[in-house]
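A short reminder: the numbers here are calculations on the coordinates, not readings from a lab. Quantities reported herein were computed from a predicted structural model and do not represent experimental measurements. Virtual Cβ from ideal backbone geometry, glycine too; neighbours counted across all protein chains shown.
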Amino acid sequence: MKTLYVECAMGAAGDMLMGALLELIPDRQAFLDEINALGLPGVRVEAEPAVKCGITGTHMKVTVCGEEEGSGDVHDHEHHHDHDHEHDHEHHHDRDHEHDHDHEHHHDHDHEHDHDHEHHHDHDHEHDHDHEHHHRHASVADIAAVIDGLALSDRVKANAKAVFGLVAEAESAVHGKPVDQVHFHEVGTMDAVADVVGVCMLMERIGAEEIAASPVHVGSGHVHCAHGILPVPAPATALILRGVPTYGGQVRGELCTPTGAALLKHFAARFGDRPVMAASAIGYGMGKKDFERANCVRAFLGEAETKREEITRLECNLDDMTGEALGFAAEVLFAAGARDVYTTPIGMKKSRPGVLLSVICLPEDADRLAALMMKHTTTLGIRRLDMSRYALARRVETEETPLGPVRFKTAQGLGVTRRKAEYEDIAALAKARDQSLDEVLRELKP
């Protein structure tokens, strides 16, 4: 199975992810030519060699109107990374360069001024209210319109918009305002769009059947802003990473940016240890700052052993329960975490017709589910069989369709690919349009 594994031991940022993925493809210049030909306003993307702790990798340099927006990942001025700009609305610069300029968000201005060349240009340009060009703002709809106007595949467009949607939803929750009122700083947004689109383009080129990532190192300490001191990870990043294993560490500063978090959350089907795999390519995406640890994101591409998972089957024979009682028992078992519950008609002793009740579950859930089977059925005993099964790698992606956004589940592995629209989304469209499920599905077919 073609597998991509992203190692986030020093956090994650969009440009670093793009650098790591770029090193996995054979024709890197063709990718650079393609992304630079998209026509993102004023944007130029370059790949520069960089060395961290003796390891050579790639730093992605993104410039907007000739300036590298190294300080742009001040995703919201609710968390300005120690820069007390007095703004009272969001300027989501969302440039993924905390790794590049601002890992150490516990720093204060007494020892921050040595970064003037890469951080304080935004005082001179981006944050100057007199510079109209640098003070326009883009809504989520504006960003979606920019992405839709690029010469990209439908899949890349849908993935890029979904990533920005995760960031906007998190910022919306943090600031208590509707998503359509969240605004991004226009200049910072352009290079963030380049990062996100670049990663989405590379993901499509790589075509991994399974994408996984390590637990995410988010950093530690605090960031200062005009409204006070906030903890690391920043509130939006923490919201995006809900359900994802994360950890802090000795490195002081914000190591995972909102955009980096959103890219990982969107693409990774699971977070955990690297699977057993034969790597065919290894990529290193570098930040700009130097630490005792290598400031990089590492990506492995290769063939992983066919995925098998351990499961347990519980079963019992029943001949004295009504259909309603069996249905209720199945509902209880599903709600308790059973992977599947099904019945099979069987013939029992004395020629009595009966039902075989089967429950598929994880081994660690078996005892608890067996107790529920005892409680909600009339059985006197339950058989248990532990086994393993082959499973296709699954991922869910949101795609824009003529009927609106729809989630599609793709399953890949063992030489096959299957794709299906999520039932809940199709059902909601059918109800809203007063159509049948088949009518909606026909309209969604290309």
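With Cβ to Cβ distances under 13 Å as the rule, what net charge do the other residues near CYS53 carry (K, R +1; D, E -1)?
Values: positive: LYS52, LYS289, ARG293, ARG298; negative: ASP290, GLU292.
For residues surrounding CYS53, the net value is +2.
Classified by the C-alpha gyration tensor, region 347-446 has a prolate form. Its axis ratio a/c, with a ≥ b ≥ c, is 1.5 or above, and a/b is larger than b/c. Can you work out the PRE-style zone for GLN250? Point 7 Å along Cα to Cβ, and I want the residues of region 1-15 with backbone N under 16 Å. So the set is 9-11.
Comparing Cα centroids, region 190-211 and region 258-314 end up 15 angstrom apart.
Would you mind checking LYS349/LYS375; LYS157/LYS445; LYS161/LYS420; LYS61/LYS177; LYS2/LYS161 for any pair whose Cα atoms are more than 22 angstrom apart? Can you show the working numbers first?
Numbers: LYS349/LYS375 24 Å; LYS157/LYS445 18 Å; LYS161/LYS420 20 Å; LYS61/LYS177 33 Å; LYS2/LYS161 25 Å.
Pairs exceeding the cut-off: LYS349/LYS375; LYS61/LYS177; LYS2/LYS161.
Could you tell me which of rounded, prolate or oblate describes region 154-253, using a ≥ b ≥ c as the square roots of the eigenvalues of the alpha-carbon gyration tensor, with rounded for a/c under 1.5 and, failing that, prolate when a/b is larger than b/c and oblate otherwise? The shape class here is oblate.
With a 10 Å radius around each residue's Cβ, average the other Cβ atoms per peptide and rank 216-224, 410-418, highest first. Walk me through the numbers on the way to the answer.
Details: 216-224: 22.6, 410-418: 13.7.
Top of the packing list down: 216-224, 410-418.
If R0 is 41 Å, the Cβ-Cβ spacing of THR410 and THR343 corresponds to a FRET efficiency of close to 0.85.
Would any residue of region 263-299 have its amide N under 13 Å from a label point 7 Å out along Cα→Cβ of THR417? List them or say none. None, by backbone N distance to the label point. Take GLN435, project a point 7 Å from its Cα along the Cβ direction, then tell me which residues of region 393-425 have their backbone nitrogen under 13 Å from it. Inside the label zone: 401-406.
Note the full-extension length gain between ASP154 and ARG274 as 0.36 nm times their separation in residues minus their Cα-Cα distance, in nm to one decimal. Mind dumping the intermediate values first?
Numbers: separation 120, 0.36 × 120 = 43.20 nm, distance 3.02 nm.
Gain on extension, ASP154 to ARG274, equals 40.2 nm.
At full extension, GLU48 and VAL396 could sit 121.9 nm farther apart than now, given 0.36 nm per residue minus the alpha carbon distance. Counted residue by residue at 0.36 nm each, then reduced by the alpha carbon distance between them, the extension gain from SER139 to ASP319 reaches 58.6 nm.
For the peptides 315-328, 189-202, 338-351, the ranking by mean Cβ contacts within 10 Å, running from highest to lowest, is 189-202, 315-328, 338-351. Take 2-11, 40-49 and order them by the average number of nearby Cβ atoms within 10 Å per residue, most first; the result is 2-11, 40-49.
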